[in-house]
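A.B. asks: Quick one: the structure is below, and I'll ask about it shortly.
The values are calculated or read from the model by the stated rules, or taken from the named source; none is laboratory data. Please read all numbers here as calculations on a predicted model, not as lab measurements. Cβ placement follows ideal geometry from the backbone for every residue including glycine, while neighbour counts extend to all protein chains displayed. Heads up: the accessible areas ignore ligands, DNA and RNA and are worked out on the full protein's heavy atoms, side chains in. Shrake-Rupley method; radii C 1.70, N 1.55, O 1.52, S 1.80 Å.
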Amino acid sequence: TKAAMIGIKACSFSSKHISIIPSKPTTIPSFSQPFKSQQQKSSLSFRYRTRSKFKLNSSRISGVSTEPEGKIIPSVENEGETEKFDWYSHWYPVMPLCDLDKRVPHAKKILGIDAVVWWDRNEKKWQVFEDKCPHRLAPLSEGRIDQWGRLQCVYHGWCFNGSGDCKFIPQAPSDAPPVNTSKKACVAVYPTIEQNQILWFWPNSASQYKDIAVKEKPPYIPELDDPSYYTPTISTRDIPYGYEVLIENFMDPSHIPYAHYEIFPSPTDREGGRPLEITVQTLDINGFFAKEEVGYSKFLPPCLFYAEPSEKLRQQRMLLIFLCVPVSPGHSRLISVNPRNYVPRWMVHLGQNLIIDSDLHLLHLQEHKINDAGPSNWQKVSFVPTKADAMVIAFRKWLRKYSGGQVDWGTKFRGYLPPTPPKEQLLERYRSHVLNCSSCCKALKGLKALEVTLQVISASIGIAAAMKQDVMPMAAKVVMVSMAMLFFAASKWLSHFIYKNFYFHDYNHALR
């Protein structure tokens, strides 16, 4: 449809990636420790916890080595080190601020943690609690915010302030000792911070991390807060395959002309693949850099993968941002940024959802095959002999070296993947995106109202034509019947458009 194509054009830019935001033309970015100020002159600056300086420049880009069987392996700095990546000592993005409704609590799962996000109007900040009432473990996300601005569990009415303290237990006698002051009546509170129009949380509620935001910050992207650039359009989508497959998919530009055929600009024939020169810099626990033909890419664990153009293309001011969030085995969340380009946000999301759905099913099945072989055996079961897979190989090697080949879920999961649901459920868009997107929810409501209006107009014209058929000339009857049919057809088309773009859109590669 025309609206869908507008959305696709708004979020597509080349045959390589999904999202773009403007980027200042400047020098190649670098990691630095410590990071002193968020207002940096570089194109993309990050404040982040590191034990060593990690910088990118053209003279330090290293190639990849080739094992006897032909697999391309990036070199690893300090190959013998045993340091492990601590998944619970980093900031994680929760939601774009524009999609959070201050009137209600929101349930979110991140890194296996069930959390509730709610607006504390007394403290004027978003709070993230463990989604569990200490009374009988009912989910607080099903509760409400009471008239005093407290989070209330609607199972028995217990109320909690922004510090997690229980302020009221309706069942406790007023003339008895105040049982609500017991530590057992408190809710676990996770540190939060708002940055780059996104709410972040620290997945550890221990008291020593209460003020972690003073010492540590999420990766900071200056362009997202720069009013002189395009207003960015942030989108989020829950994905029915795991974090590992999600993030490595963005590191794989060579799949674009095939998996997303006819969505991105592509050659006139079906075969758009070609050799790609991708080299990966020496990686360590802080991630890695990669040099591509048209620019540079950086993986900053746990969530951030971004790319920027080379010096020659920098005047185009493009920057690619993907935040890939581990949710649970077989589930992840994508938060990405697109340029607004003066197109309504919901139209941009139509195009992005089409892109995601075009390879979602095959990636879900791929993950199950990897899991059957064992995540640590990825290098043995995958044959990756070309430089086009250099970043994917680097990511899998980083994951194997610093995290045992998979996300550390603590004691919550045993690594089993959920079974594959029917395709209609796997590719559904309403719960995975629309329900959590303020723009798409509003658009869906408006389009449904328009559908009903078209049906009412069609019925009204038809009834009027039937009532006046004896006094109307034949020409007028034909006109009114034609108009009634036209409005009815428009309502049916709109109904199909709504279902296809907000609920389910199948993608059959064989028939394209």
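A.B. asks: Yes or no: Glu223 modelled with pLDDT of 95 or more and within 21 Å of the chain's Cα centre (by Cα)?
C.D. replies: no
A.B. asks: While we're looking at this one, here's another question. Being more than 19 Å from Ile355 (Cα to Cα) and either at pLDDT 90 or above or touching a strand residue (DSSP E or B) at 6+ places or on another chain (Cβ under 6 Å) (or both) is the filter here, so list the residues in the stretch 226-275 that pass it.
C.D. replies: Scanning the stretch 226-275 gives a single hit, Tyr230.
A.B. asks: Now, a different point. Which one of these is in a strand (DSSP E or B) and open to solvent by 10 Å² or more (accessible area, probe 1.4 Å): Trp119, Trp148?
C.D. replies: Only one candidate qualifies: Trp119.
A.B. asks: Same structure, new question: Read through the list (1) surrounded by 12 or more Cβ atoms within 10 Å (Cβ to Cβ); (2) part of a helix (DSSP H, G or I); (3) without any contact (Cβ under 8 Å) to a residue 60 or more places away in the chain; (4) of a type in the set (Gly, Ala, Ser), then give the number of the only condition that Ala449 fails.
C.D. replies: Going through the list (1) surrounded by 12 or more Cβ atoms within 10 Å (Cβ to Cβ); (2) part of a helix (DSSP H, G or I); (3) without any contact (Cβ under 8 Å) to a residue 60 or more places away in the chain; (4) of a type in the set (Gly, Ala, Ser), Ala449 breaks only (1).
A.B. asks: Quick check: is even one residue across the stretch 432-440 in a helix (DSSP H, G or I) and farther than 30 Å from Met347 by Cβ? Can you show your working first?
C.D. replies: Going residue by residue through the stretch 432-440, those that are in a helix (DSSP H, G or I) are 434-436, 438-440.
From what is left, the residues that are farther than 30 Å from Met347 by Cβ are none.
Scanning the stretch 432-440 turns up no residue that is in a helix (DSSP H, G or I) and farther than 30 Å from Met347 by Cβ.
A.B. asks: Just to verify a result, which residue in the stretch 467-512, among those that are part of a helix (DSSP H, G or I) and of a type in the set (Val, Ile, Thr), is farthest from the chain's Cα centre (by Cα)?
C.D. replies: Val478
A.B. asks: Give the residues of the stretch 290-322 that are open to solvent by 10 Å² or more (accessible area, probe 1.4 Å) and either small (Gly, Ala, Ser) or modelled with pLDDT of 95 or more (or both), sorted by residue number.
C.D. replies: Ser310
A.B. asks: Quick one: how many residues across the stretch 340-353 are in contact (Cβ under 8 Å) with a residue 40 or more places away in the chain and either among the basic types (Lys, Arg) or surrounded by fewer than 22 Cβ atoms within 10 Å (Cβ to Cβ) (or both)? Don't jump to the end; show me each part of the working.
C.D. replies: Step one: filter the stretch 340-353 for residues in contact (Cβ under 8 Å) with a residue 40 or more places away in the chain, giving 340-341, 343-353.
Subsequent filtering for residues that are either among the basic types (Lys, Arg) or surrounded by fewer than 22 Cβ atoms within 10 Å (Cβ to Cβ) (or both) retains 340-341, 343-345.
Residues flagged as in contact (Cβ under 8 Å) with a residue 40 or more places away in the chain and either among the basic types (Lys, Arg) or surrounded by fewer than 22 Cβ atoms within 10 Å (Cβ to Cβ) (or both) within the stretch 340-353 amount to 5.
A.B. asks: A follow-up question, please. Only residues that are in contact (Cβ under 8 Å) with a residue 40 or more places away in the chain, open to solvent by 30 Å² or more (accessible area, probe 1.4 Å) and β-branched (Val, Ile, Thr): list them for the stretch 356-394, please.
C.D. replies: Thr386, the sole residue that qualifies.
A.B. asks: In the stretch 395-418, what residues are loosely packed, with under 14 Cβ neighbours inside 10 Å and either under 29 Å from Tyr296 (Cβ atoms) or in contact with a Ser or Thr (Cβ under 6 Å, 6 or more places away or on another chain) (or both)?
C.D. replies: Gly404
A.B. asks: Considering the stretch 428-446 alone, what residues qualify as being more than 27 Å from Asp359 (Cβ to Cβ) and open to solvent by less than 60 Å² (accessible area, probe 1.4 Å)?
C.D. replies: Selection gives Gly446 alone.
A.B. asks: So the check is Cβ under 8 Å with 6+ separation or different chains; which pairs have a first residue in the stretch 91-109 that's under 15 Å from Gln197 (Cα atoms) and a second one that's in a strand (DSSP E or B) and among the acidic types (Asp, Glu)?
C.D. replies: Leu97/Glu194
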